[in-house]
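*Asks:* This is the structure, below, for whatever I ask next.
The values are calculated or read from the model by the stated rules, or taken from the named source; none is laboratory data. Just so we're clear, the structure is a prediction, and the values are computed from it rather than from any experiment. All Cβ positions, even for glycine, are placed from backbone atoms using ideal geometry, and neighbour counts span all protein chains on display. The protein model used for the area step is the full one, side chains on, heavy atoms only, and it has no ligands, DNA or RNA in it. Shrake-Rupley method; radii C 1.70, N 1.55, O 1.52, S 1.80 Å.
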Amino acid sequence: MFLSIFISLASCKNDDNISENNDSILGNWKMIKYIVYNKEPPIITKGDIVWIFDNDSIKMINESPYSFASPKGTFPYTWVNNHEDIKVDLGYNMVYFKVNANNKSLHLTLTSGPEKPPVNNPIVIEFEK
């Protein structure tokens, strides 16, 4: 009986953490940095590139002169790797990002995806609310 109560409580706590991870990226995020190893980073004006996260898609708005920094459109995403990464379906490609978020900042680091070797010198994208 004790074991079943413990399992039940552990399951609830895990669900709460997943909910917090999901909720931490919801809303409008304004890109402030696009970092590419060994290249001069573009100067991103806050508000020129905005990603709007809802529960299962990202609307990407890019009014900057840097089309490579973000596509335009709405793309589905799913949580993977125990809710540490997101997989974004761009239609022509799947991309994976390690997520580091709090209520003021969002850092996305390009990864190869679950169970694949790490990306050498990954792209890092930083956002603010």
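*Asks:* So, with a 1.4 angstrom probe, what is the percent of accessible area on the stretch 77-128 that is carbon and sulfur? If you can, show how the numbers build up before the last one.
*Replies:* Details: 1420 of 3000 Å².
Carbon plus sulfur share of accessible area: 47 percent.
*Asks:* Okay, moving on. Could you work out the local net charge near Lys87, counting Lys and Arg as +1, Asp and Glu as -1, over the other residues with Cβ closer than 13 Å to its Cβ? Walk me through the numbers on the way to the answer.
*Replies:* Numbers: positive: Lys98, Lys116; negative: Asp56, Glu84, Asp85, Asp89, Glu115.
Result for the local shell: -3.
*Asks:* Further, regarding this structure: So what's the net charge close to Val50: Lys and Arg +1, Asp and Glu -1, counting the other residues with Cβ under 13 Å from its Cβ? All intermediate terms of the calculation are to be shown ahead of the outcome.
*Replies:* Numbers: positive: Lys30, Lys46, Lys59, Lys72, Lys129; negative: Asp48, Glu63, Glu128.
Result for the neighbourhood of Val50: +2.
*Asks:* So which of Lys59/Lys116; Lys59/Lys129; Lys30/Lys98; Lys33/Lys72 end up more than 25 Å apart by C-alpha?
*Replies:* Working: Lys59/Lys116 27 Å; Lys59/Lys129 15 Å; Lys30/Lys98 18 Å; Lys33/Lys72 17 Å.
The answer is Lys59/Lys116.
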